[in-house]
Structure formats: structure tokens, C-alpha cells
Amino acid sequence: MYRLDYTLNNPNKGSIPDPPGFLKARSKETVAIDAPTTDVIAKRTKKATELKMKRAWDLAIGPAKSLPMQAVMLYFSGSGIQIFSLGMIFMLLTGPIGAIFNILKTFEQFRPTPLPRKDGTIGSPSYMPLILPMLAFVGCQGLLFSLGLYKCSTMGVLPTGTGDWLQFETRNEPPEWSAARASSLG
């Protein structure tokens, strides 16, 4: 309140600029604040929406930025089947899946504030402007998941060869029997 009185009663009022965010009063007794017009609200909303979209793109590309670090960590974990390398692979395979399932909660804070309509009402926020950042996020998570699958393949954990599926193969009955076997078995 001191600053408000000082500013209103200051004879050198023009020489010192008001601090940022300071609202001027009409008189000493009452503080009247002019309501912002719809144009001002629309400009603020547009600026906030642009900032939210920039932050959404930063979040969407974030997993791709960690891809080289994850690759180096996998390289140094070795190709043997040990608890450390299996734990890293487990995190690389489950992390992207969990992130994709929680994508709406992840991008909730970046939903743009809707602009006010001409009748003064405000619509509900939508995820439609965030479709491209969300797709980029899913793609980057897919890259992390594929890195984990590649590491599983190089370690030999994935069943990729025919020898890995021998337990599921069935033997066919021989098409003909020898005479000795037929006479012994009846």
C-alpha cells in the first residue's frame, strides 16, 4: 500500500516508471481496475497457446534426445545375460509402453486454452492441436522400444531362429513300417 500511495502522491511521477504488473488507481480512496477487453484476452490466450505448443513439442522430442545416451548405456552394459543388462532392457521395454498408455495425462497440461467466443462464453479445451506432438511422442517412444528389442536380439534373448521353437514342433509318423517291426508289434 505504501508504494501505491507513494506513486499517487509523488510529484516526480513521470520520471520513475511504474514497476511491471503495477495497476494504476483512479483515486486514492478506490482502486478501480479496468477489465481487459476481449482483444487483450485473445492476445494473451494466443500467446499462452503458442508457449504451450512449444513446450509440448519439447516434451514430444524429449525421448529422442535421450536415445544416444540410452544406446551408450546399453553398449557398456555388455552382451552377456546379467542382472544389470536385463534390468536396463526391462526398463527400455516397459518405459515406452507405460508412457504411451499415459499420453493423455502427459499432455494434459499443454491443452490450449480456448479463445473466448463473441457471445462471451468459453469453450472446452481440446486435444486436437496436440495431435502432431502426440504422434511425435509415440514415434520417439517407439524408437526407444526398438532399441530395447535390438539389444534383446543381440543378446540372444529373442526367439528368432528355428532352433528356438523346437519344443513346439511335432514329429510326423513314419509313412512305412519295416517288416520286422510290424511282426514284433503285431
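The values are calculated or read from the model by the stated rules, or taken from the named source; none is laboratory data. On a predicted model such as this, the values are computed, not experimentally measured, just so you know. Quick reminder, even Gly has a Cβ in these numbers, built from the backbone with ideal geometry, and neighbours come from all protein chains shown.
A few comments on the model shown:
- Of all the listed residues (Lys65, Lys47, Lys52, Lys105), the sole one being of a type outside the set (Ser, Thr, Tyr) and in contact with a Pro (Cβ under 7 Å, 6 or more places away or on another chain) is Lys52.
- Residue-level analysis places Phe101 outside the set of residues that are out of contact with any His (no Cβ under 8 Å at 6 or more places or on another chain) and modelled with pLDDT under 90.
- Residue check for Gln141: part of a helix (DSSP H, G or I), of a type in the set (S, T, N, Q), within 21 Å of Ser66 (Cα to Cα) and out of contact with any Asp or Glu (no Cβ under 9 Å at 6 or more places or on another chain): yes
- Qualifying residue in segment 176-184 (condition: among the polar types (S, T, N, Q) and assigned to a helix (DSSP H, G or I)): yes
- Candidates Lys52, Lys46, Lys118: the one that is at pLDDT below 90 and touching a Lys or Arg at 6+ places or on another chain (Cβ under 8 Å) is Lys52.
- Residue that is farthest from Gln82 (Cα to Cα), among those in segment 121-165 that are at pLDDT 80 or above and β-branched (Val, Ile, Thr): Ile131
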